[in-house]
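K.L.:
Attaching a single structure in C-alpha coordinates format; questions to follow.
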Amino acid sequence: MSYGSAVKYGYSNTRVKAMEAKLIKSQEMQGIAAAKSINDILPLLIQTDYSQSLADYGGIDIGHSLIDFALSRNMAGKLEKVLRITPKEDRHIMQGITGRWGIGNMRIAIEAKARGLSFDDISKYIIDYGGYNQAFINEAMREPDVAGLLARLEKNPEQAASVKAALSAYSSSKSVVSAIEGMEHEYHKSTEGMAESLRAMGEVRAAEIVCMGIDMSNLLMLVKAKQRGLQFSDVEPKLLRNGGIERTSLRAAYAEHDVASMLSRQHAFNLAKSIDMYKEKKRLLPFEIEMRNSIFSTSLKYLRRSVLSFGAILAYVYLKEIEVFTLRILIKSKEYGLSSEEISRLIEWKI
(Lines give C-alpha, C1' and ligand atoms only; values in the text may rest on other atoms or scores of the structure.)
Protein backbone atom coordinates (compact mmCIF):
# COMPACT_ATOMS: atom_id res chain seq x y z
CA MET A 1 0.00 0.00 0.00
CA SER A 2 1.58 3.28 -1.10
CA TYR A 3 1.30 6.69 0.51
CA GLY A 4 -0.29 7.93 -2.72
CA SER A 5 -3.07 5.33 -2.46
CA ALA A 6 -3.68 6.27 1.15
CA VAL A 7 -4.09 9.91 0.19
CA LYS A 8 -6.20 9.17 -2.89
CA TYR A 9 -8.56 6.54 -1.50
CA GLY A 10 -8.46 6.97 2.27
CA TYR A 11 -11.56 9.13 2.53
CA SER A 12 -13.65 7.37 -0.14
CA ASN A 13 -12.89 3.88 1.17
CA THR A 14 -13.75 4.87 4.72
CA ARG A 15 -17.08 6.24 3.53
CA VAL A 16 -17.86 3.21 1.38
CA LYS A 17 -17.13 0.85 4.27
CA ALA A 18 -19.69 2.77 6.30
CA MET A 19 -22.17 2.43 3.42
CA GLU A 20 -21.48 -1.30 3.23
CA ALA A 21 -22.45 -1.62 6.91
CA LYS A 22 -25.93 -0.41 5.99
CA LEU A 23 -26.56 -3.10 3.38
CA ILE A 24 -29.22 -5.62 4.38
CA LYS A 25 -27.78 -8.43 6.50
CA SER A 26 -28.28 -12.11 5.74
CA GLN A 27 -30.76 -12.70 8.56
CA GLU A 28 -32.81 -9.68 7.47
CA MET A 29 -32.90 -10.85 3.85
CA GLN A 30 -33.92 -14.35 4.93
CA GLY A 31 -36.78 -12.82 6.90
CA ILE A 32 -37.92 -10.86 3.86
CA ALA A 33 -37.70 -13.98 1.69
CA ALA A 34 -39.79 -15.95 4.20
CA ALA A 35 -42.50 -13.29 4.51
CA LYS A 36 -45.87 -14.44 3.20
CA SER A 37 -47.05 -11.10 1.83
CA ILE A 38 -45.92 -7.58 1.03
CA ASN A 39 -47.67 -6.41 4.20
CA ASP A 40 -45.37 -8.73 6.15
CA ILE A 41 -42.30 -7.44 4.28
CA LEU A 42 -42.86 -3.75 5.00
CA PRO A 43 -42.18 -3.86 8.78
CA LEU A 44 -38.92 -5.67 8.02
CA LEU A 45 -37.84 -3.11 5.42
CA ILE A 46 -38.68 -0.24 7.77
CA GLN A 47 -35.92 -1.52 10.06
CA THR A 48 -33.27 -1.28 7.32
CA ASP A 49 -31.51 1.56 5.50
CA TYR A 50 -34.64 1.89 3.34
CA SER A 51 -36.61 3.37 6.26
CA GLN A 52 -36.25 7.02 5.17
CA SER A 53 -37.11 6.27 1.53
CA LEU A 54 -40.18 4.34 2.65
CA ALA A 55 -41.13 7.15 5.04
CA ASP A 56 -41.06 9.59 2.12
CA TYR A 57 -43.90 7.61 0.54
CA GLY A 58 -45.99 6.87 3.62
CA GLY A 59 -43.90 4.62 5.83
CA ILE A 60 -45.63 1.49 7.10
CA ASP A 61 -48.81 2.63 5.36
CA ILE A 62 -47.11 2.93 1.98
CA GLY A 63 -49.20 1.67 -0.91
CA HIS A 64 -47.83 -1.44 -2.57
CA SER A 65 -47.47 0.43 -5.85
CA LEU A 66 -45.13 2.93 -4.18
CA ILE A 67 -42.55 0.47 -2.86
CA ASP A 68 -40.64 0.59 -6.13
CA PHE A 69 -40.47 4.38 -5.80
CA ALA A 70 -38.82 3.97 -2.40
CA LEU A 71 -36.32 1.40 -3.69
CA SER A 72 -35.46 3.62 -6.67
CA ARG A 73 -35.01 6.69 -4.46
CA ASN A 74 -32.68 4.83 -2.11
CA MET A 75 -30.62 3.52 -5.02
CA ALA A 76 -30.34 6.97 -6.60
CA GLY A 77 -29.17 8.49 -3.32
CA LYS A 78 -26.44 5.89 -2.94
CA LEU A 79 -25.24 6.36 -6.53
CA GLU A 80 -25.02 10.12 -6.05
CA LYS A 81 -23.05 9.65 -2.84
CA VAL A 82 -20.66 7.17 -4.47
CA LEU A 83 -19.98 9.58 -7.31
CA ARG A 84 -19.28 12.40 -4.85
CA ILE A 85 -16.75 10.38 -2.85
CA THR A 86 -14.97 8.91 -5.89
CA PRO A 87 -11.63 10.68 -6.49
CA LYS A 88 -11.96 13.21 -9.31
CA GLU A 89 -9.41 11.51 -11.56
CA ASP A 90 -11.43 8.25 -11.42
CA ARG A 91 -14.87 9.81 -11.63
CA HIS A 92 -15.18 9.40 -15.41
CA ILE A 93 -14.84 5.63 -15.02
CA MET A 94 -17.51 5.54 -12.32
CA GLN A 95 -19.78 7.72 -14.46
CA GLY A 96 -19.34 5.30 -17.35
CA ILE A 97 -20.25 2.33 -15.19
CA THR A 98 -23.23 3.96 -13.50
CA GLY A 99 -24.38 5.27 -16.88
CA ARG A 100 -26.18 1.98 -17.40
CA TRP A 101 -28.94 3.22 -15.10
CA GLY A 102 -29.58 6.02 -17.57
CA ILE A 103 -29.77 3.42 -20.32
CA GLY A 104 -32.17 1.44 -18.18
CA ASN A 105 -34.38 4.48 -17.62
CA MET A 106 -34.51 5.16 -21.36
CA ARG A 107 -35.35 1.56 -22.13
CA ILE A 108 -38.31 1.70 -19.76
CA ALA A 109 -39.46 4.96 -21.39
CA ILE A 110 -39.17 3.62 -24.95
CA GLU A 111 -41.09 0.45 -24.14
CA ALA A 112 -43.76 2.45 -22.31
CA LYS A 113 -44.22 4.89 -25.19
CA ALA A 114 -44.60 2.00 -27.64
CA ARG A 115 -47.32 0.52 -25.40
CA GLY A 116 -49.15 3.84 -25.06
CA LEU A 117 -48.30 4.26 -21.37
CA SER A 118 -47.67 7.56 -19.61
CA PHE A 119 -44.83 8.68 -17.37
CA ASP A 120 -47.03 8.09 -14.34
CA ASP A 121 -47.26 4.42 -15.32
CA ILE A 122 -43.48 3.95 -15.20
CA SER A 123 -42.20 6.62 -12.81
CA LYS A 124 -41.74 4.20 -9.91
CA TYR A 125 -39.19 2.24 -11.92
CA ILE A 126 -37.09 5.25 -12.96
CA ILE A 127 -33.87 5.64 -10.96
CA ASP A 128 -33.74 9.38 -10.23
CA TYR A 129 -30.05 9.70 -11.03
CA GLY A 130 -27.84 11.31 -13.66
CA GLY A 131 -28.84 13.12 -16.83
CA TYR A 132 -31.72 10.74 -17.57
CA ASN A 133 -33.41 11.25 -14.22
CA GLN A 134 -37.13 11.35 -13.52
CA ALA A 135 -37.54 15.00 -14.55
CA PHE A 136 -35.86 14.48 -17.93
CA ILE A 137 -37.70 11.22 -18.68
CA ASN A 138 -40.99 12.86 -17.68
CA GLU A 139 -40.38 15.67 -20.15
CA ALA A 140 -39.34 13.28 -22.93
CA MET A 141 -42.42 11.12 -22.40
CA ARG A 142 -44.60 14.07 -23.44
CA GLU A 143 -43.54 13.52 -27.05
CA PRO A 144 -46.34 12.03 -29.16
CA ASP A 145 -44.58 8.88 -30.39
CA VAL A 146 -41.44 6.72 -30.13
CA ALA A 147 -39.58 8.69 -32.82
CA GLY A 148 -40.28 11.96 -31.00
CA LEU A 149 -39.24 10.45 -27.68
CA LEU A 150 -35.93 9.26 -29.13
CA ALA A 151 -35.29 12.63 -30.73
CA ARG A 152 -35.86 14.29 -27.37
CA LEU A 153 -33.61 11.81 -25.55
CA GLU A 154 -30.84 12.47 -28.08
CA LYS A 155 -30.65 16.11 -27.00
CA ASN A 156 -29.06 15.02 -23.73
CA PRO A 157 -25.30 14.77 -24.42
CA GLU A 158 -24.68 12.20 -21.68
CA GLN A 159 -25.59 9.20 -23.86
CA ALA A 160 -26.16 10.92 -27.21
CA ALA A 161 -24.28 8.26 -29.22
CA SER A 162 -26.36 5.46 -27.70
CA VAL A 163 -29.63 7.27 -28.38
CA LYS A 164 -28.51 8.10 -31.92
CA ALA A 165 -27.98 4.38 -32.54
CA ALA A 166 -31.47 3.69 -31.21
CA LEU A 167 -33.00 6.41 -33.40
CA SER A 168 -31.19 5.10 -36.47
CA ALA A 169 -32.35 1.53 -35.84
CA TYR A 170 -35.91 2.65 -35.21
CA SER A 171 -36.02 4.87 -38.31
CA SER A 172 -35.07 1.97 -40.57
CA SER A 173 -37.05 -0.81 -38.90
CA LYS A 174 -39.84 0.85 -36.86
CA SER A 175 -39.02 -1.81 -34.30
CA VAL A 176 -38.77 -0.88 -30.63
CA VAL A 177 -36.79 -4.06 -29.98
CA SER A 178 -34.22 -3.04 -32.62
CA ALA A 179 -34.06 0.48 -31.19
CA ILE A 180 -33.33 -0.78 -27.69
CA GLU A 181 -30.81 -3.32 -28.90
CA GLY A 182 -29.02 -0.60 -30.87
CA MET A 183 -28.94 1.73 -27.88
CA GLU A 184 -27.67 -0.89 -25.45
CA HIS A 185 -25.08 -2.18 -27.90
CA GLU A 186 -23.68 1.31 -28.46
CA TYR A 187 -23.53 1.96 -24.71
CA HIS A 188 -21.75 -1.32 -24.05
CA LYS A 189 -19.27 -0.58 -26.84
CA SER A 190 -18.37 2.62 -25.02
CA THR A 191 -17.68 0.72 -21.81
CA GLU A 192 -15.80 -2.27 -23.22
CA GLY A 193 -12.47 -0.57 -22.57
CA MET A 194 -13.18 -0.11 -18.87
CA ALA A 195 -11.71 -3.45 -17.86
CA GLU A 196 -8.49 -2.61 -19.70
CA SER A 197 -8.37 0.84 -18.12
CA LEU A 198 -8.84 -0.65 -14.66
CA ARG A 199 -6.06 -3.18 -15.23
CA ALA A 200 -3.78 -0.38 -16.37
CA MET A 201 -4.52 1.34 -13.04
CA GLY A 202 -3.54 -1.84 -11.21
CA GLU A 203 -7.19 -2.49 -10.30
CA VAL A 204 -7.26 -6.15 -11.31
CA ARG A 205 -10.06 -7.05 -8.92
CA ALA A 206 -12.27 -4.23 -10.12
CA ALA A 207 -11.61 -5.29 -13.71
CA GLU A 208 -12.77 -8.82 -12.89
CA ILE A 209 -16.11 -7.55 -11.58
CA VAL A 210 -16.63 -5.55 -14.77
CA CYS A 211 -15.75 -8.62 -16.86
CA MET A 212 -18.32 -10.70 -14.99
CA GLY A 213 -20.95 -8.12 -15.88
CA ILE A 214 -19.92 -8.35 -19.54
CA ASP A 215 -20.12 -12.15 -19.42
CA MET A 216 -23.60 -12.02 -17.87
CA SER A 217 -24.79 -9.63 -20.60
CA ASN A 218 -23.38 -11.86 -23.35
CA LEU A 219 -24.82 -15.07 -21.94
CA LEU A 220 -28.29 -13.60 -21.45
CA MET A 221 -28.19 -12.28 -25.01
CA LEU A 222 -27.25 -15.75 -26.30
CA VAL A 223 -30.00 -17.40 -24.27
CA LYS A 224 -32.63 -15.13 -25.84
CA ALA A 225 -31.14 -15.66 -29.31
CA LYS A 226 -31.16 -19.43 -28.80
CA GLN A 227 -34.82 -19.32 -27.84
CA ARG A 228 -35.59 -17.33 -30.97
CA GLY A 229 -33.79 -19.88 -33.13
CA LEU A 230 -31.16 -17.42 -34.41
CA GLN A 231 -27.77 -18.38 -35.79
CA PHE A 232 -24.64 -17.42 -33.86
CA SER A 233 -23.67 -15.16 -36.77
CA ASP A 234 -26.91 -13.22 -36.22
CA VAL A 235 -26.02 -12.29 -32.66
CA GLU A 236 -22.21 -12.28 -32.74
CA PRO A 237 -21.86 -8.61 -33.80
CA LYS A 238 -23.82 -7.60 -30.69
CA LEU A 239 -21.63 -9.52 -28.23
CA LEU A 240 -19.39 -7.41 -26.00
CA ARG A 241 -15.62 -7.65 -26.01
CA ASN A 242 -13.26 -7.98 -23.05
CA GLY A 243 -15.35 -10.32 -20.95
CA GLY A 244 -13.88 -13.36 -19.23
CA ILE A 245 -15.36 -15.80 -21.76
CA GLU A 246 -13.55 -15.91 -25.09
CA ARG A 247 -15.57 -15.46 -28.27
CA THR A 248 -14.53 -18.94 -29.46
CA SER A 249 -15.91 -20.45 -26.26
CA LEU A 250 -19.21 -18.61 -26.71
CA ARG A 251 -19.44 -19.88 -30.28
CA ALA A 252 -18.75 -23.46 -29.21
CA ALA A 253 -21.35 -23.29 -26.44
CA TYR A 254 -23.95 -21.82 -28.79
CA ALA A 255 -23.52 -24.83 -31.09
CA GLU A 256 -25.22 -26.98 -28.44
CA HIS A 257 -28.77 -28.02 -29.27
CA ASP A 258 -30.61 -26.18 -26.49
CA VAL A 259 -30.29 -23.47 -23.82
CA ALA A 260 -29.55 -25.85 -20.94
CA SER A 261 -26.74 -27.60 -22.83
CA MET A 262 -25.33 -24.27 -24.01
CA LEU A 263 -25.09 -22.85 -20.49
CA SER A 264 -23.62 -26.09 -19.17
CA ARG A 265 -20.68 -25.51 -21.53
CA GLN A 266 -19.67 -22.17 -19.96
CA HIS A 267 -17.54 -22.02 -16.80
CA ALA A 268 -17.81 -18.36 -15.80
CA PHE A 269 -20.87 -18.99 -13.62
CA ASN A 270 -22.20 -22.02 -11.75
CA LEU A 271 -25.73 -22.22 -13.13
CA ALA A 272 -26.64 -25.75 -12.03
CA LYS A 273 -29.69 -24.66 -9.99
CA SER A 274 -31.11 -22.36 -12.64
CA ILE A 275 -30.51 -24.90 -15.41
CA ASP A 276 -32.56 -27.45 -13.48
CA MET A 277 -35.32 -24.89 -12.99
CA TYR A 278 -35.21 -23.95 -16.66
CA LYS A 279 -35.66 -27.57 -17.67
CA GLU A 280 -38.79 -27.70 -15.50
CA LYS A 281 -40.53 -24.44 -16.43
CA LYS A 282 -38.50 -22.72 -19.20
CA ARG A 283 -38.06 -19.49 -17.22
CA LEU A 284 -35.11 -17.22 -17.93
CA LEU A 285 -35.14 -15.13 -14.75
CA PRO A 286 -33.36 -17.79 -12.63
CA PHE A 287 -30.32 -17.51 -14.92
CA GLU A 288 -30.02 -13.78 -14.23
CA ILE A 289 -30.54 -14.30 -10.50
CA GLU A 290 -27.81 -16.92 -10.28
CA MET A 291 -25.35 -14.88 -12.35
CA ARG A 292 -25.99 -11.86 -10.14
CA ASN A 293 -25.42 -14.08 -7.10
CA SER A 294 -21.93 -14.85 -8.45
CA ILE A 295 -21.18 -11.17 -9.05
CA PHE A 296 -22.50 -10.43 -5.56
CA SER A 297 -20.17 -12.98 -3.94
CA THR A 298 -17.17 -11.71 -5.88
CA SER A 299 -17.97 -8.06 -5.14
CA LEU A 300 -18.43 -8.75 -1.43
CA LYS A 301 -15.15 -10.62 -1.25
CA TYR A 302 -13.30 -7.80 -2.98
CA LEU A 303 -14.92 -5.11 -0.85
CA ARG A 304 -13.89 -6.94 2.31
CA ARG A 305 -10.33 -7.53 1.10
CA SER A 306 -9.65 -4.33 -0.82
CA VAL A 307 -7.69 -1.67 1.02
CA LEU A 308 -7.46 1.85 -0.36
CA SER A 309 -8.53 1.15 -3.94
CA PHE A 310 -11.05 2.04 -6.62
CA GLY A 311 -12.14 -1.60 -6.51
CA ALA A 312 -13.67 -1.15 -3.06
CA ILE A 313 -15.87 1.68 -4.34
CA LEU A 314 -16.89 -0.22 -7.46
CA ALA A 315 -17.67 -3.39 -5.50
CA TYR A 316 -20.12 -1.46 -3.33
CA VAL A 317 -21.97 -0.18 -6.44
CA TYR A 318 -22.50 -3.75 -7.65
CA LEU A 319 -23.58 -4.91 -4.19
CA LYS A 320 -26.13 -2.12 -3.91
CA GLU A 321 -27.50 -2.81 -7.38
CA ILE A 322 -27.91 -6.51 -6.59
CA GLU A 323 -29.53 -5.71 -3.24
CA VAL A 324 -32.26 -3.66 -4.96
CA PHE A 325 -32.63 -6.31 -7.69
CA THR A 326 -33.01 -9.02 -5.02
CA LEU A 327 -35.58 -7.04 -3.05
CA ARG A 328 -37.66 -6.49 -6.16
CA ILE A 329 -37.53 -10.20 -6.95
CA LEU A 330 -38.62 -11.10 -3.43
CA ILE A 331 -41.41 -8.53 -3.33
CA LYS A 332 -42.71 -9.46 -6.77
CA SER A 333 -42.00 -13.20 -6.70
CA LYS A 334 -45.63 -14.03 -7.47
CA GLU A 335 -45.65 -11.66 -10.43
CA TYR A 336 -42.45 -13.27 -11.72
CA GLY A 337 -44.02 -16.70 -11.34
CA LEU A 338 -41.51 -17.95 -8.78
CA SER A 339 -42.65 -19.99 -5.80
CA SER A 340 -41.27 -19.57 -2.27
CA GLU A 341 -39.35 -22.81 -2.73
CA GLU A 342 -37.78 -21.59 -5.96
CA ILE A 343 -36.89 -18.25 -4.37
CA SER A 344 -35.19 -19.95 -1.42
CA ARG A 345 -33.18 -22.11 -3.81
CA LEU A 346 -31.94 -19.12 -5.78
CA ILE A 347 -31.51 -16.18 -3.42
CA GLU A 348 -28.14 -16.28 -1.71
CA TRP A 349 -27.34 -13.39 0.63
CA LYS A 350 -24.30 -13.62 2.90
CA ILE A 351 -23.57 -10.22 4.37
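K.L.:
Ignoring ligands, DNA and RNA, what percent of the accessible area of segment 256-322 is carbon or sulfur (1.4 Å)? Please list the in-between numbers first.
P.N.:
Values: 1170 of 2570 Å².
That fraction is 46 percent.
K.L.:
Only Lys, Arg, Asp and Glu count, each charged at its Cβ (+1, +1, -1, -1), so figure out the dipole size of segment 29-187 about its Cα centre, rounded to 20 debye.
P.N.:
It works out to roughly 180 debye.
K.L.:
Assign one of three labels to segment 134-197, namely rounded, prolate or oblate, based on the Cα gyration tensor with a ≥ b ≥ c the square roots of its eigenvalues; rounded applies when a/c is under 1.5, prolate when it is not and a/b is larger than b/c, and oblate otherwise. Intermediate values should be presented prior to the final figure.
P.N.:
Values: a/c = 2.80, a/b = 1.46, b/c = 1.92.
Oblate is the answer for segment 134-197, as a/c is 1.5 or above yet b/c matches or exceeds a/b.
K.L.:
Using the heavy atoms of the protein chains alone and a 1.4 angstrom probe, what is the accessible area of the chain per residue in square angstrom?
P.N.:
On the way: 16020 Å² over 351 residues.
Per residue, the chain has 46 Å² of solvent-accessible surface.
K.L.:
Checking the a/c ratio against 1.5 first, then a/b against b/c, what shape does the Cα gyration tensor give for segment 159-238?
P.N.:
On the way: a/c = 3.36, a/b = 1.52, b/c = 2.21.
It is oblate, given that a/c is not under 1.5 and a/b is not larger than b/c.
K.L.:
What does the C-alpha gyration tensor say about the overall shape of the chain? Classify as rounded when a/c is under 1.5, otherwise prolate if a/b is larger than b/c, or oblate.
P.N.:
Details: a/c = 1.12, a/b = 1.08, b/c = 1.04.
Rounded is the answer for the chain, as its axis ratio a/c remains below 1.5.
K.L.:
Can you give the Kirkwood hydrodynamic radius for segment 36-82, in Å, rounded to one decimal and based on Cα pairs?
P.N.:
Numbers: mean 1/r = 0.0935 Å⁻¹.
Roughly 10.7 Å, rounded to one decimal.
K.L.:
Of the heavy-atom accessible surface of segment 122-196 (probe 1.4 angstrom), what whole percent is carbon and sulfur?
P.N.:
Working: 1610 of 3310 Å².
Carbon and sulfur atoms account for 49 percent of the accessible area of segment 122-196.
K.L.:
Given Cα pairs under 8 Å that are at least 6 residues apart, what percent is the relative contact order of the chain?
P.N.:
RCO, the chain: 19 percent.
K.L.:
Return the equivalent ellipsoid semi-axes of segment 220-337 as a descending list in whole Å, where each equals the square root of 5 times an eigenvalue of the C-alpha gyration tensor. Mind showing how you got there, number by number?
P.N.:
Values: eigenvalues 146, 81, 29 Å².
For segment 220-337, the ellipsoid semi-axes come out as 27, 20, 12 Å.
K.L.:
Report the one residue of Q266, Y302, L79 whose Cα lies farthest in the direction of the positive end of the charge dipole of the chain (charges on C-beta: Lys and Arg +1, Asp and Glu -1; origin at the Cα centre).
P.N.:
Among Q266, Y302, L79, the one farthest towards the positive end of the dipole of the chain is Y302.
K.L.:
First compute the accessible area of segment 1-51 with a 1.4 Å probe, then give the percent of it belonging to carbon and sulfur atoms.
P.N.:
Details: 1620 of 2870 Å².
Using a 1.4 Å probe with all protein chains present, segment 1-51 comes out at 56 percent carbon and sulfur.
K.L.:
Going by accessible area, probe 1.4 Å, with all protein chains left in place, what is the ranking of H188, H64, H267, H257, largest first?
P.N.:
Working: H188 50, H64 95, H267 170, H257 145 Å².
The ordering from most to least exposed comes out as H267, H257, H64, H188.
K.L.:
Determine, from the Cβ-Cβ distance of Q47 and A160 and an R0 of 35 Å, the FRET efficiency 1/(1 + (r/R0)^6), rounded to the nearest 0.05. Let's see the in-between values first.
P.N.:
On the way: r = 43 Å, r/R0 = 1.22.
FRET efficiency, Q47 to A160: 0.25.
K.L.:
OK, next. Using only Cα atoms, locate the centre of segment 130-184 and the centre of segment 39-71, then give the distance between them in Å, rounded to an integer.
P.N.:
Answer, in whole Å: 32.
K.L.:
Let me ask something additional. Under unit Cβ charges (Lys, Arg +1; Asp, Glu -1), what dipole magnitude, rounded to 20 debye, does segment 174-237 have relative to its Cα centre?
P.N.:
On the way: 7 positive and 10 negative charges, 49 e Å.
It works out to roughly 240 debye.
K.L.:
Express the relative contact order of segment 228-351 as a whole percentage, based on alpha carbon pairs under 8 Å and six or more residues apart in sequence. Present the calculation step by step, with values, prior to reporting the outcome.
P.N.:
Working: 83 pairs, mean separation 21.5, N = 124.
Reported as a whole number, the value is 17 percent.
K.L.:
While we're here: Over the residues of segment 56-158, compute the C-alpha Rg and express it relative to 2.2 N^0.38 Å. Mind showing how you got there, number by number?
P.N.:
Working: Rg = 14.7 Å, N = 103, 2.2 N^0.38 = 12.8 Å.
Dividing the Cα radius of gyration by 2.2 N^0.38 Å gives 1.15.
K.L.:
So for the chain, taking the charge dipole from beta-carbon charges (+1 Lys/Arg, -1 Asp/Glu), which of I180, H257, A109 sits furthest toward the positive end?
P.N.:
H257
K.L.:
Using a basic spin-label model with each label point 7 Å from the Cα along Cα→Cβ, how many nm lie between Y125 and V307?
P.N.:
Taking the simple label geometry, Y125 and V307 are separated by 4.5 nm.
K.L.:
Might you report the magnitude of the Cβ-based charge dipole of the chain about its Cα centre, with Lys and Arg at +1 and Asp and Glu at -1, to the nearest 20 debye? Before the final figure, lay out the partial values.
P.N.:
Working: 48 positive and 42 negative charges, 105 e Å.
It comes to approximately 500 debye.
The values are calculated or read from the model by the stated rules, or taken from the named source; none is laboratory data. Keep in mind that this is a model prediction, so the values were computed, not measured. Glycine gets a Cβ as well: all are built from the backbone with ideal geometry, and neighbour counts include every protein chain shown. To get the accessible areas, we keep the full protein, side chains included, count just its heavy atoms, and leave off ligands, DNA and RNA. Shrake-Rupley method; radii C 1.70, N 1.55, O 1.52, S 1.80 Å.
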